[in-house]
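Enquirer: I'd like to ask some things about the structure below.
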Amino acid sequence: MCGIVGYFSVAHDGNPKNVARANNMVRYRGPDDYGYITVNKNGEVKEWQDEWMRDFFPATKISGILGFRRLSIIDLSSKGHQPMHEGKSRYWIVFNGEVYNYIEIQKELAARGYHFRSKTDTEVVLKSYAEWGCNCLEKFNGMWSFCIFDTRERKLFCARDRLGIKPFYYYFDGKHFIFGSEVKQVLSLLPFDPEINPTVFFDYLALGSYGNETEETFFKSVRKMLPGEYMEIRLADPRKLVLKKQIWWDLPSCEEERYPDEDKIYETINYLLEDSIRLRLRSDVPVGTCLSGGLDSSGILSLVDRISKKTNDSPKHKVFVIGSINPEIDETHYARIMIENTNVEPFFKLLKPVDLERELATFVWHHDEPLLTASIFGGWFVYKLAKNSGATVVLDGQGSDELLGGYYCGPHIDFLHELLISRKIVEFFKQLNANATLHAVGKSIILKKLFHNISKQIARTILPADFRPNVYRSVQRWLRLDFVESNIVKSHALHKDFYPQPRKFSSRIKKQSYELTKFTNLPGILRQVDRNSMAFSVEARVPFLDFRLVEYLFKLPSRLILRNGYTKYVYRESMKGILPEKIRLRTDKRGFAMPDRDLLNGAMTFVNDIIERIPSDSVIYDVENIKKRIGASIENEQLYHPIIWRIINAIIWQSKFQLHEC
C-alpha cells in the first residue's frame with residue numbers, strides 16, 4: 001500500500017525536484033521508504049537516492065520520472081524497494097496496493113522458470129506482466145493501481161483493479177502524461193492553475209452525488225482511470241504521446257442462473273467470504289477490523305474469529321468502533337454484542353463537535369474533494385483509532401450493500417414492482433404480506449407507495465430529461481438559479497450518461513445494483529476509504545470485494561437478494577449459526593452513521609466563520625439567503641437540509657485548493 005507519481009513529456013521538461021515534492025506531498029501513504037527513476041530521451045533509466053532528488057544532475061534531457069512512497073506490509077526488508085525492475089532492467093514498476101494471491105502466482109511463475117529476489121507481491125506483479133502481458137490482470141486477486149515502464153517498447157502500462165479500490169488520477173494532453181495516487185499530486189505538476197469542474201460540483205451540491213460517476217473529477221483537467229481499466233501510453237514518437245484505454249473487466253452478464261439448491265448457495269457464499277478474509281489476513285504487520293455492529297462488519301469479524309481459532313492464533317484481534325453523540329443512531333450496543341462473542345481487543349471513540357472544528361479542514365485536504373456526509377468523517381476517526389492502537393492493516397465491510405440490496409428501505413417497493421410486472425402474482429401477495437408484517441406497515445399503504453412508484457417511472461419516460469422540479473425546490477434559496485439551470489442539463493447523476501455501452505438487465509434491481517457498484521455509490525465510498533486509511537498510514541482491505549464473491553453475488557436472482565422484507569437475504573442465511581441472531585436479523589441499517597446536524601449545531605462559531613468566506617458576488621451560492629437561514633436550519637431538525645453540510649464542506653474545499661468559482 002503506497003503512493004505513486006509520474007511525469008512524462010515529449011518536451012523533456014520534467015523537473016525531478018517538482019516530482020519529488022509531489023511524491024513527498026503524500027508521505028503518509030508510504031512513510032517507510034521512497035524511490036525515483038528518471039528516463040532520458042533515449043529511454044535509458046537511472047535511479048536516484050535522495051528523498052528530495054537533490055542528487056539529481058541533468059546529464060541529458062529527461063522525458064520521464066517515476067516516484068514512489070512505500071508503506072511496508074509484505075516483506076518488510078529493503079528488497080521491496082521501488083521503483084523495482086524485474087531483474088534485467090527492461091521493466092520498471094511503481095505499484096500501489098496488494099495482490100493477495102501472490103504466493104500462488106509466484107509458484108506458477110517459478111514452475112515456468114522465474115526466480116524471485118524478494119517475497120513481495122510487487123515482484124510477482126512485475127514478472128506476471130513479463131510473462132502474460134496485459135492478461136496478467138486476470139490472474140490477480142486484490143486491489144491495485146500501478147504503472148510499468150517498458151524500456152524496450154518505450155511504453156507505459158497503467159492498470160487499476162476491477163472495482164477501483166486503489167486510485168489513479170492523471171492529466172493527458174498529447175504532450176504530457178502526469179499521474180498520481182491523489183489529485184493533489186497531479187495538480188502540483190500542472191503548468192496552469194486548477195479550475196472547478198462545474199458539472200461534477202453541481203451533482204455534489206444539488207443532488208448529493210459523490211461526483212464519481214464518470215472519469216471526470218471535481219477538477220476540470222484531471223481524470224481518473226476507471227475501475228477495471230488499463231491504459232497504454234506510447235512514448236516512442238518524439239512529437240506526441242499516444243494513449244489507448246481499455247476496459248478489461250466488468251460485472252458478469254445479468255442473465256440470472258437458476259439455483260434450485262439454496263443451501264448450496266449459502267455454503268458457497270460462506271466459503272467465498274471466508275476464503276477472501278483468509279487471503280486478506282496475509283500480512284507481515286498487525287491486522288485489525290472496523291466494527292460498526294452492522295451485518296457486514298460483524299460477519300467479517302465472526303469469520304476472522306473462526307479462522308483465528310482454526311489456526312490457533314493467540315493474540316487478540318483488534319476492533320475499532322466509533323460511537324455517535326446521538327443515541328438514536330448510535331450502534332455501539334450492537335458492536336458490544338460482537339465483542340462479547342469473539343476473542344477481540346476493542347477500541348472505542350465518540351465523535352464530538354470539537355472534532356469537527358479541529359479536523360474537518362485537514363480531512364478535506366486529504367480527500368481532495370468536499371465531504372458528502374459526516375459518516376465518512378466518522379470513518380476518518382476509525383482509521384486514526386486503528387493507527388493509535390498499533391494496527392497497520394484493517395479489514396472493512398464495503399461492497400456488500402451495492403450487491404445485496406442493502407440500500408433498500410423496507411418495505412421493498414421495487415421488488416414488489418418487479419414481481420408485479422413479471423406477473424408472479426402468488427409470489428407478489430406472499431411478499432406483500434411478509435413486508436407488511438416485518439415492517440409493521442399496512443398493506444394498503446404499501447400498495448399506495450407501489451403505484452406512486454410506478455407512476456413516477458412512467459412520468460420519467462415521458463417528461464424531458466431536464467424537467468426536475470424537485471431538484472429546483474431542494475436547492476431553492478441555497479444555490480443560485482443560474483448555476484442550477486446551466487448545469488442541470490449536463491448532470492451525469494441525473495441523466496445517467498455514464499454507461500460506456502448499452503447493457504441488458506434481467507431486472508430493475510440488477511440494473512440498480514450495477515449502477516451502484518460501477519458508477520454511483522461504491523466508487524465514491526472506496527475513494528473515501530482509501531483517503532481515510534492512508535491519511536494515517538493504514539491499509540484498508542475489503543473482503544466483500546474479492547472478485548470471485550462479487551461475480552457470484554451479482555449473478556444471483558433478485559428473489560435471493562430481497563425476500564420476506566429482508567435485504568441481503570442470501571447473505572443472512574449463509575451466516576446462520578455464525579452471527580448472533582440479534583445482528584443477523586437486524587432491519588435498521590445504519591453503518592458508521594454520524595449526525596451531520598448535531599455536529600454542526602455544536603460548532604456554530606466554526607460554521608459561521610466558514611459561511612463568511614463566500615464571496616458576496618458568488619455565482620454558485622445564494623449568499624444572502626444562506627446567511628439568513630443557516631442558523632435556524634441547523635438548530636431546528638425540521639428545517640435542516642443535507643445541502644447545508646455539503647455547502648460548508650464545499651467552501652472549505654474551495655479555500656483549501658484556492659479555487660475560484662466557475
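The values are calculated or read from the model by the stated rules, or taken from the named source; none is laboratory data. Since this is a predicted model, take the numbers as computed values, not measurements. Counting neighbours? That spans all protein chains shown, and the Cβs are built from the backbone with ideal geometry, glycine included.
Enquirer: Which fully enclosed helices (runs of 4 or more DSSP H) of the stretch 434-489 have 3 or more residues being surrounded by fewer than 11 Cβ atoms within 10 Å (Cβ to Cβ) and more than 31 Å from the chain's Cα centre (by Cα)? Before the answer, list the steps.
Expert: Numbers: elements: 443-462, 469-475, 481-488.
Here the list reads 443-462.
Enquirer: Are any of the residues in the stretch 132-143 touching a Cys at 6+ places or on another chain (Cβ under 8 Å), under 30 Å from residue 368 (Cα atoms) and not acidic (Asp, Glu)?
Expert: Initially, the stretch 132-143 is screened for residues touching a Cys at 6+ places or on another chain (Cβ under 8 Å), giving none.
No, there is no match, as no residue in the stretch 132-143 is touching a Cys at 6+ places or on another chain (Cβ under 8 Å), under 30 Å from residue 368 (Cα atoms) and not acidic (Asp, Glu).
Enquirer: Step by step: first the residues of the stretch 110-132, then only those that are surrounded by 20 or more Cβ atoms within 10 Å (Cβ to Cβ) and not acidic (Asp, Glu), then the one that is nearest to residue 161 (Cα to Cα). Which residue is that?
Expert: Applying the first criterion (surrounded by 20 or more Cβ atoms within 10 Å (Cβ to Cβ)) to the stretch 110-132 yields 120-129.
With not acidic (Asp, Glu) added as a condition, the list becomes 120, 122, 124-129.
On the way: 120: 18, 122: 14, 124: 16, 125: 12, 126: 15, 127: 17, 128: 15, 129: 14 Å.
The extreme case among them is 125.
Enquirer: Report whether or not residue 59 is modelled with pLDDT under 95 and either in a helix (DSSP H, G or I) or out of contact with any helix residue (DSSP H, G or I) (no Cβ under 9 Å at 6 or more places or on another chain) (or both). I'd like the intermediate steps shown before the answer.
Expert: Values: modelled with pLDDT under 95: yes; either in a helix (DSSP H, G or I) or out of contact with any helix residue (DSSP H, G or I) (no Cβ under 9 Å at 6 or more places or on another chain) (or both): yes.
Here the answer is yes, as residue 59 does meet what is asked.
Enquirer: Which residue out of 130, 159 is farther than 29 Å from residue 365 by Cβ, of a type outside the set (Ser, Thr, Tyr) and touching a strand residue (DSSP E or B) at 6+ places or on another chain (Cβ under 7 Å)? Lay out the reasoning, then the answer.
Expert: Numbers: 159 fails: farther than 29 Å from residue 365 by Cβ.
Criteria check complete, one pass: 130.
Enquirer: Further question: If residue 73 meets every condition in (1) touching a helix residue (DSSP H, G or I) at 6+ places or on another chain (Cβ under 6 Å); (2) assigned to a loop (DSSP other than H, G, I, E, B) apart from one, which number is that one?
Expert: (1)
Enquirer: Further, regarding this structure: For residue 402, work out the one condition from (1) among the acidic types (Asp, Glu); (2) within 25 Å of residue 550 (Cβ to Cβ); (3) surrounded by fewer than 18 Cβ atoms within 10 Å (Cβ to Cβ) it doesn't fulfil.
Expert: Just one mismatch for residue 402, condition (3).
Enquirer: Could you tell me which of the residues 195, 182 is in contact with a Gly (Cβ under 9 Å, 6 or more places away or on another chain) and at pLDDT 95 or above?
Expert: Values: 195 fails: in contact with a Gly (Cβ under 9 Å, 6 or more places away or on another chain).
After applying the criteria, what remains is 182.
Enquirer: Which one is surrounded by the most Cβ atoms within 10 Å (Cβ to Cβ) among residues in the stretch 171-202 that are touching a residue at least 40 places away in the same chain (Cβ under 8 Å) and under 20 Å from residue 236 (Cα atoms)?
Expert: 179
Enquirer: Given the options 513, 507, 537, name the one that is farther than 30 Å from residue 661 by Cβ, small (Gly, Ala, Ser), buried (at least 23 other Cβ atoms within 10 Å of the Cβ) and not assigned by TED's automatic domain parsing to the domain that holds residue 164. Walk me through how you get there before you give the answer.
Expert: Details: 507 fails: buried (at least 23 other Cβ atoms within 10 Å of the Cβ); 537 fails: buried (at least 23 other Cβ atoms within 10 Å of the Cβ).
Selected residue: 513, the only one of 513, 507, 537 that is farther than 30 Å from residue 661 by Cβ, small (Gly, Ala, Ser), buried (at least 23 other Cβ atoms within 10 Å of the Cβ) and not assigned by TED's automatic domain parsing to the domain that holds residue 164.
Enquirer: For the condition closer than 30 Å to residue 239 by Cβ, modelled with pLDDT of 95 or more, surrounded by fewer than 17 Cβ atoms within 10 Å (Cβ to Cβ) and not hydrophobic (A, V, I, L, M, F, W, C), what is the one hit in 41, 46, 79, 107? Before you say what the answer is, go through the steps one by one.
Expert: Details: 41 fails: modelled with pLDDT of 95 or more; 79 fails: closer than 30 Å to residue 239 by Cβ; 107 fails: closer than 30 Å to residue 239 by Cβ.
Matching residue, one of 41, 46, 79, 107: 46.
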